[in-house]
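Everything below concerns the one structure shown next.
The values are calculated or read from the model by the stated rules, or taken from the named source; none is laboratory data. Note that the coordinates shown come from a computational prediction; the quantities given were computed from them, not determined experimentally. Ideal geometry is used to build each Cβ from the backbone, glycine not excepted, and the neighbour counts take in all protein chains shown. Remember, those area values only see protein heavy atoms, side chains included, never the ligands or the DNA or RNA. Shrake-Rupley method; radii C 1.70, N 1.55, O 1.52, S 1.80 Å.
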Amino acid sequence: MKSALKWDVIAKCGTTKARAAVLTLPHGPVNAPVFMPVGTQGTLKGITPEQIEGLGCQIMLNNTYHLGLRPGQELLDTCGGAHVFQGWNRNLLTDSGGFQMVSLLKLAEITEKGVQFESPHDGSLMLLTPEHSMSLQNSIGADIMMQLDDVVSSLTTGPRVEEAMWRSIRWLDRCIKAHKKPESQNLFAIIQGGLDPAMRKQCIEEMVKRDTPGYAIGGLSGGEEKDKFWRVVSQCTDLMPREKPIYCMGVGYAEDLVVCVALGVDMFDCVFPTRTARFGNALTATGTLSLRQAKYKDDFRPIEEGCDCIACKSYTRAYLYTIVTKETVGCHLISIHNTAYQLRLMRQVRESIIEDRFPQFIHKFFKDLFVEKSAYPEWAVNALKSVNVDLIQGEEQP
């Protein structure tokens, strides 16, 4: 099918499956690997578009289901799309709304036709079909649109997983047919199949035949064992076309990002940085600071030394302890810092790939974050060993 993107791989890691690339989209270039902050309803909670842009963000997410409810398709058409509506001049990726099949399961009914949701706002019913999802995403004007897929929890087993996999393939065909703007918006397929390697392989084989501009690994980050998670990711990146961007949906913990880049993933998203900020948690290279704790009441250091975000340049841990979870500005400042941390981490990962020192970066990252090798997550050790990085026996080089 037609593509409105350009994908240029500029460097490959000599040890792992990691790569650095430039993804050129209608609203500008995106340096990959990339973490995409999530502005579900047209905004990152607590951060303005100007602030996000100032952090160097090149692409963020909106959610089709939520924007379809509010402000609604008619208003989006009237104002010229979500970029104009929210004052964001860089790239947007829209989730199709399929994930709400899991997150709002008690409010949803799934059939071959589509998914009928009960609005969490007013109780009204909304039928989201592949055709309606494409129509909404065309109105939103996202640079990357995700197909509507049949999403089941990663903990689900049995016939429902296979049903969802085949339905997602059928719905992809309907999405392709309904997509009205392939010359300016890119449709990505979403690989399903649960934790079953045979179903994942079958789904990839079918969806690759559709030749979409990019592919996503869906159906993970739902509470499954991490040892199973990484194996699915690695299998998918082995089988998916390497000449196209690969996106792992819903991944946002720092160690998950680093490991999945090593396994060959290019794009990530998660609400985690801003959600955890609302509980007073600040992300740093040496771990999470719970700024609600009294030990920070007379700590006059920034959240993280060397961070150039406004929260670290202008405020102290003591100040944030005083206001966090009590004043909205506390959430605002920590959200800015956490988003800055995630974006900076991915820039550092990318630079290390280009300079062919990514394995050394991985060793230092884990040492800084966990200190003792005995604390390294076993799943991460196993995952990285599969791509020739031995966290336990190996040592980082200068």
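Stretching the chain fully between residue 209 and residue 386 yields a gain of 60.9 nm (0.36 nm per residue, less the alpha carbon separation). Residue 7 to residue 329: FRET efficiency via 1/(1 + (r/R0)^6), r the Cβ-Cβ distance, R0 45 Å, to the nearest 0.05? According to the calculation, E is roughly 0.65.
Find the Rg to Rh ratio for region 307-381, where Rh is the Kirkwood radius over alpha-carbon pairs and Rg uses the same atoms.
Working: Rg = 15.9 Å, Rh = 14.6 Å.
Value, to two decimals: 1.10.
Ranked from the most accessible area to the least, with a 1.4 Å probe and all protein chains present, what is the order of 10, 217?
Working: 10 95, 217 0 Å².
The ordering from most to least exposed comes out as 10, 217.
Measuring r between the beta carbons of residue 116 and residue 75 and using R0 = 35 Å, the FRET efficiency lands at 0.95. Taking each residue as 0.36 nm, the span from residue 242 to residue 298 lengthens on full extension beyond its C-alpha to C-alpha distance by 15.1 nm. Sequence-distant contacts, meaning Cα pairs under 8 Å at least 6 residues apart, place the relative contact order of the chain at 18 percent. Couplings 3J(HN,Hα) for region 351-358, derived from phi with the Karplus relation 6.51 cos²θ - 1.76 cosθ + 1.60 (θ = phi - 60°), are 4, 5, 5, 4, 8, 6, 9, 4 Hz, where x marks Gly and Pro. Antiparallel beta bridges, as assigned by DSSP with both residues in region 6-276, represent about 45 percent of the total such bridges. Only one residue of 207, 87, 257 has its Cα farthest out toward the positive end of the dipole of the chain, where Lys and Arg carry +1 and Asp and Glu -1 on Cβ, and that residue is 87. Taking a quarter of the surface of the Cα convex hull of region 266-397 gives a mean projected area of 8.9 nm².
Using a simple spin-label model with pseudo-atoms 7 Å out from Cα toward Cβ, residue 313 and residue 278 lie 2.8 nm apart. Taking each of 17/385; 45/313; 113/177; 297/326; 2/244; 12/373 in turn, the alpha-carbon distance tops 18 angstrom for 45/313; 12/373. Dipole magnitude for the chain: about 220 debye, using +1 per Lys or Arg Cβ and -1 per Asp or Glu Cβ, origin at the Cα centre. When the surface is traced with a 1.4 Å probe over the full set of protein chains, residue 205 keeps roughly 90 Å² accessible. Per-residue 3J(HN,Hα) values for region 71-76, derived from phi via the Karplus relation 6.51 cos²θ - 1.76 cosθ + 1.60 with θ = phi - 60°, read x, x, 5, 4, 5, 4 Hz in sequence order (x marks Gly and Pro). Database remark: amide H of residue 214 closer than 5 angstrom to the amide H of 189 (H placed geometrically; neighbours at sequence offset of 5 or more, or on other chains; Pro and chain starts carry no H).
Considering only 52, 140, 310, give the residue with the highest GNM mean-square fluctuation for the chain, with springs between Cα atoms whenever their separation is below 10 Å. Of the options given, 310 has the highest mean-square fluctuation.
The candidate values were [x] 63, 58, 42; [y] 57, 46, 38; [z] 68, 65, 42; the one computed from these coordinates for Cα extents along the principal axes in Å carries the label [y]. Working note: Karplus 6.51/-1.76/1.60 with θ = phi - 60° gives region 222-231 the couplings x, x, 5, 4, 5, 5, 7, 3, 5, 5 Hz, where Gly and Pro are set to x. Subtract the Cα-Cα distance of residue 163 and residue 322 from 0.36 nm times their separation in residues, and report this length gain in nm to one decimal. Once the chain is fully extended between residue 163 and residue 322, it gains 52.1 nm. The largest accessible area among 288, 237 belongs to the first residue in 288, 237, and the rest follow in falling order (1.4 Å probe, all chains). A 1.4 Å probe run over the protein chains yields, for the chain, 41 Å² of accessible area per residue, whole-number rounding. Taking the 1.4 Å solvent-accessible surface of the chain as the whole, the part contributed by carbon and sulfur is 52%.
Comparing 358, 370, 272 in a Gaussian network model of the chain (Cα springs below 10 Å), the most mobile by mean-square fluctuation is 370. Measuring only protein heavy atoms, the 1.4 Å probe finds residue 275 accessible over about 130 Å².
FRET efficiency for residue 372 and residue 202, Cβ-Cβ distance as r, R0 = 41 Å, nearest 0.05? Working shown, then result.
On the way: r = 42 Å, r/R0 = 1.02.
Calculated value: 0.45.
Extents of region 230-293, taken as max minus min of Cα coordinates on every principal axis and listed largest first, are 46, 19, 17 Å.
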